[in-house]
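Asks: Please read through the structure below; I'll follow up with questions.
The values are calculated or read from the model by the stated rules, or taken from the named source; none is laboratory data. Treat the numbers as computed from the prediction; the structure is a model and nothing was measured. Ideal geometry is used to build each Cβ from the backbone, glycine not excepted, and the neighbour counts take in all protein chains shown. Please note that ligands, DNA and RNA were not included when accessible areas were found on the heavy atoms of the full protein model with its side chains. Shrake-Rupley method; radii C 1.70, N 1.55, O 1.52, S 1.80 Å.
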There are 2 protein chains.
Amino acid sequence: MIVGVLGGGQLGRMLALAGYPLGLRFRFLDPSPEAPAGHLAPCLTGNYDDQEALESFTSGLSVVTYEFENVPASSVGFLAERLPVYPPPEALEVAQDRLSEKTLFRKLGIPVPPFAPIDTPEDLQSALERIGLPAVLKTRRFGYDGKGQVVLHRPEDAAPALHALGGRNLILEGFVAFEREVSILAARGRSGATVFYPLVENQHAGGILRISLAPAPNLTPELQAQAQDYAARVLEALDYVGVLAIELFQREGQLLANEMAPRVHNSGHWTIEGAETSQFENHLRAVQGLPLGSTAARGHAAMLNLIGTTPEPAAVLAVPNAHLHLYGKSPRPGRKLGHVTLRADDPASLEAHLTELRRLIP
Amino acid sequence: MIVGVLGGGQLGRMLALAGYPLGLRFRFLDPSPEAPAGHLAPCLTGNYDDQEALESFTSGLSVVTYEFENVPASSVGFLAERLPVYPPPEALEVAQDRLSEKTLFRKLGIPVPPFAPIDTPEDLQSALERIGLPAVLKTRRFGYDGKGQVVLHRPEDAAPALHALGGRNLILEGFVAFEREVSILAARGRSGATVFYPLVENQHAGGILRISLAPAPNLTPELQAQAQDYAARVLEALDYVGVLAIELFQREGQLLANEMAPRVHNSGHWTIEGAETSQFENHLRAVQGLPLGSTAARGHAAMLNLIGTTPEPAAVLAVPNAHLHLYGKSPRPGRKLGHVTLRADDPASLEAHLTELRRLIP
């Protein structure tokens, strides 16, 4: 059983680490010859739209999945004609475009901030009148880690933002004065069976995820149920198979969907040590048609991203119950080089060790 | 940092799976071109006494360790002249020879069954007079999984057993009517810091480990302290670095040392899901000079070996909290092909799911 994975970054690497014990083998396709997954599995170097690379990639695979959602739809179509591709290509297409994503959420009755497609200065003008300020202008595609978006505070911010983002294929979204950002991860198997991880609280800085707390502090059964209900609607609508992440804003006990990722997600890394079954293993179980594993949290966890630089491994590992994950990438400002998951049996000891760990991680 | 590992079996494979997240890379040396570690790391094919293979193996390594203890002492000597080798070669030498092992235990005040070296029929005759029957005649070297040993019940069993085992380089041991077999795993770092896992109860059949229960049922602090004390004496005496396993017989609340393994051990596989830090990670932390991780058990675990055949993965994964580990080996009678670890928060649910799992695993 060889699982093909489009993208050989850290998510692919962690998929392989979770999948070898299941008896799976892997083949990756990535444009970079230095893709982190290449340390531990065969990794073809090639662009995602390179027909020849795709041909050699598919040979002998039992299933294809991806760890990166900006794979061209045509490439996914090419693969889907030849073998099972999970999550389904439709999910990828929806997630690639903020407008389709928000439109799907709204169609499914999932609350979203007000939004409007923007392709001209007139679109922006009328959308601003309807949505009001502050608002966020975003590219519909290829945004990640806070890239491809500008917050508009005053009317005169509109024109330069429109220009900076290319003038078209944009979306304007009402700015949500949220109390916190949370995410829900769910896995749906080929049989339709679905499991949900506990909601996670995510703290960003500079548009990049810094810390996830799992389960989210002060998580109520009502909030969990709300998030699960929304995720279930998306999973059903897309006949989804695999792990899906939905990022949400929490405001006054209500959740608004922000965006979704049709893949394993940074805010689910805590599950490696913090849950009975990791998101990586459950994603593979799902795409292989195997029963899904328990998503129960084992105590409390905090996941801290290592961005741009990495602390001394010895210093991190000296913190009780700290688990280090380095991705084998060369350092570069703003680059996700690894993460540390801190696990504890109770919130108080989590807090104590988190204080220690924060001293090591800027 | 490339860690060199002598032996590319399942233990090596699980070392690599634990080591990639620490930012380590691996190179294995194994006589078989189908060694399971070769799926996920470079694996040189060569005999352990092949000078040329050893030369290419060592190039660029930061440290060497082994997952297999029957590496020729001369090869380990060759490596130790060139780079750090952990556990220390002396530990390997002691563990390769049941007589040296028992002699060391006795020297350190660790209770052992009565034993005597056997190289002639006269040796055997006088040893039997002293030790009595039943007794076990074993080869001093290369015994594993119950191979290379014969139980003597009657005086007339002696001559054929002596003949069957080659007549010399043997050891006679008094037969211990033990209540159960347990093992202790300990890890000692380069700095001398030492951690101990909870004692594990091991159930064998046909000389092969079938099930480990961790922590051992009815484990008392006194028994744990006794085992830790014995392990600590061995670790200190050998200036040991890495994970050490000692198998012991329990009889009337007392422990007698049976044998030791200077490496990660089958009875420690439960630590992957059942302990805060796995034996594999702690072995790597030790040999790399990193701080050791917590050995605390997370609930209760049972580890079942998959021997000769493997059940359907889907059936295993349908059992709540069952974690499957396949080694990527081709089936062969008596061969360890994988294991399943069952984890539970309390002994009652462990027992319930274990009953389910036993139906799948002969």
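Asks: Eight or more residues apart or on different chains, and alpha-carbon atoms under 19 Å: count the Lys pairs in chain A matching that.
Replies: Pairs that pass both the separation and distance tests number 4.
Asks: To continue, here is another question. Long-range amide H contacts for B:ARG180: which residues qualify at under 5 Å (H placed 1.01 Å from N, peptide plane, sequence gap of 5 or more or a different chain)?
Replies: Counting only residues 5 or more places away or on other chains, the set is B:GLN250.
Asks: Between A:GLY77, A:HIS153, A:VAL3, whose Cα lies farthest towards the positive end of the dipole of region A:1-156 when Lys and Arg beta carbons carry +1 and Asp and Glu beta carbons carry -1, centred on the Cα centre?
Replies: In region A:1-156, that residue is A:HIS153.
Asks: Could you give the size of the charge dipole of chain A about its Cα centre, using +1 on the Cβ of each K and R and -1 on the Cβ of each D and E, expressed in debye and rounded to the nearest 20? Write out the running numbers ahead of the final one.
Replies: Working: 31 positive and 39 negative charges, 85 e Å.
It comes to approximately 420 debye.
Asks: Follow-up. Which ³J(HN,Hα) values in Hz, rounded to whole numbers, follow from the phi angles of region B:154-164 under the Karplus curve 6.51 cos²θ - 1.76 cosθ + 1.60, where θ = phi - 60° and Gly and Pro get x?
Replies: 10, x, 6, 6, 5, 4, x, 5, 4, 5, 4
Asks: Modelling each spin label as a point 7 Å along the Cα-to-Cβ direction, I'd like the A:THR120/A:ASN70 distance in nm, to one decimal.
Replies: Label at A:THR120, label at A:ASN70, 2.9 nm between them.
Asks: Taking the dipole about the Cα centre of the protein assembly as shown, with the C-beta of Lys and Arg at +1 and of Asp and Glu at -1, give me whichever of B:LEU238, B:ILE272, A:LEU61 is farthest to the positive side.
Replies: A:LEU61
Asks: So what are the ³J(HN,Hα) numbers for region B:217-224, from phi and the Karplus equation (6.51, -1.76, 1.60; θ = phi - 60°), rounded to whole Hz, Gly and Pro as x?
Replies: Once rounded to whole Hz, the list reads x, 6, 6, 9, x, 5, 5, 4.
Asks: Using θ = phi - 60° and the Karplus form 6.51 cos²θ - 1.76 cosθ + 1.60, what ³J(HN,Hα) does each residue of region A:331-344 get, whole Hz, x for Gly and Pro?
Replies: Couplings: x, 7, x, x, 8, 6, 9, x, 8, 10, 10, 9, 10, 8 Hz.
Asks: Additional query: Could you state how much accessible area is buried at the A-B interface, both sides summed, with a 1.4 Å probe, in Å² to the nearest 100?
Replies: Values: alone 15130 and 15140 Å², together 27580 Å².
That pair hides around 2700 Å² of surface in total.
Asks: Roughly speaking, what is the centre-to-centre gap between region B:126-184 and region A:78-124 when only Cα atoms are used, to the nearest Å?
Replies: First find each Cα centre; the distance between them is then 71 Å.
Asks: Oh, and also: Out of region B:19-59, which chymotrypsin sites (Phe, Trp or Tyr not before Pro) are coil in DSSP terms and have no more than 12 other C-beta atoms within 10 Å?
Replies: Loop-located and lightly packed - none at all.
Asks: With the cut-off at 47 Å, report for the protein assembly as shown the share of all Cα pairs above it, as a whole percent.
Replies: On the way: 62794 of 261726 pairs.
The answer is 24 percent, as a whole percent.
Asks: To the nearest 20 Debye, how big is the dipole of region B:225-277 about its Cα centre, given +1 on the beta carbon of each Lys and Arg and -1 on that of each Asp and Glu?
Replies: Approximately 100 debye in magnitude.
Asks: Enumerate the amide H contacts of B:ASN321 below 5 Å, restricted to partners 5 or more residues apart or on another chain; note that Pro and chain-start residues carry no placed amide H.
Replies: Correct list: A:SER294.
Asks: May I pose another question? Give me the Kirkwood hydrodynamic radius of region B:35-115, using the inverse of the mean 1/r over all pairs of distinct Cα atoms, in Å to one decimal.
Replies: In region B:35-115 this quantity evaluates to 14.4 Å.
Asks: Right, here's the next one. So for region A:114-174, what percent of the C-alpha to C-alpha distances run longer than 15 Å? It would help to have the intermediate numbers written out before the result.
Replies: On the way: 666 of 1830 pairs.
Everything past 15 Å amounts to 36 percent.
Asks: Of B:LEU170, B:LEU162, B:LEU213, which is the most mobile in a GNM of chain B whose springs link Cα atoms less than 10 angstrom apart?
Replies: It is B:LEU162.
Asks: Ok, one more. Evaluate the distance, in nm, between pseudo-label points positioned 7 Å from the Cα of B:ASP345 and of A:SER100 along their respective Cα→Cβ axes.
Replies: 4.1
Asks: Counting each pair of different Cα atoms once, what's the Kirkwood radius of region B:80-158 in Å, rounded to one decimal? Could the numbers behind the result be given before it?
Replies: Details: mean 1/r = 0.0696 Å⁻¹.
Value: 14.4 Å, from the Cα pair sum.
Asks: Heads up, I need the accessible area for A:TYR86: 1.4 angstrom probe, whole protein in place, Å², nearest 10.
Replies: 50
Asks: What share of Cα pairs, in percent, lie more than 15 angstrom apart in region A:320-362?
Replies: Details: 436 of 903 pairs.
I get 48 percent for the Cα pairs in region A:320-362 exceeding 15 Å.
Asks: Would you compute, from DSSP H runs of 4+ residues alone, the mean residue ellipticity of the protein assembly as shown at 222 nm, taking -39500 (n - 2.57) per run and dividing by the full residue count, rounded to the nearest 500? The partial results should precede the final answer.
Replies: Details: 24 runs with 223 residues, N = 724.
Rounded to the nearest 500, the figure is -9000 deg cm²/dmol.
Asks: Scan region B:189-236 for trypsin sites (Lys or Arg not before Pro) in coil per DSSP, keeping those whose Cβ has at most 11 other Cβ atoms within 10 Å, and list them by number.
Replies: Answer by residue number: there is no such site.
Asks: May I ask you to give the average projected area over all directions of the convex hull of the Cα atoms of region B:180-360, in nm² rounded to one decimal?
Replies: 10.3
Asks: Between the alpha-carbon centers of region A:264-282 and region A:298-362, tell me the distance in whole angstrom.
Replies: If we compute the Cα centre of each part, the gap is 15 Å.
Asks: Limiting things to C-alpha atoms, what are the Rg and the maximum Cα-Cα separation (Dmax) for chain B, in angstroms?
Replies: Reported Rg and Dmax, both Å: 20.2, 58.
Asks: Which residue fluctuates most in the GNM of chain B (Cα springs below 10 Å): B:SER278, B:SER56, B:SER100?
Replies: It is B:SER56.
Asks: Identify, among B:ALA164, B:ILE110, B:PHE178, the residue whose Cα sits farthest towards the positive end of the charge dipole of region B:87-207, taking +1 on the Cβ of Lys and Arg and -1 on the Cβ of Asp and Glu, with the dipole about the Cα centre.
Replies: Looking along the dipole axis, the top candidate is B:ILE110.
Asks: Follow-up question, since we're still on this one. About the Cα centre of the protein assembly as shown, what is the dipole size in debye to 20, counting +1 per Lys and Arg Cβ and -1 per Asp and Glu Cβ, all else neutral?
Replies: 220
Asks: Follow-up. How about region A:232-271: which GluC sites (Glu not before Pro) there are in a DSSP loop, with at most 13 other Cβ atoms within 10 Å of their Cβ?
Replies: Filter output for region A:232-271: A:GLU252.
Asks: Once neighbouring chains are kept in place and the probe is 1.4 Å, which whole percent of the accessible area of region A:114-174 is contributed by carbon and sulfur?
Replies: 55
Asks: Taking H as built 1.01 Å from N, whose amide H comes closer than 5 Å to the amide H of B:PHE28, not counting residues under 5 places away?
Replies: So B:PHE28 has HN proximity to B:VAL5, B:CYS43, B:LEU44.
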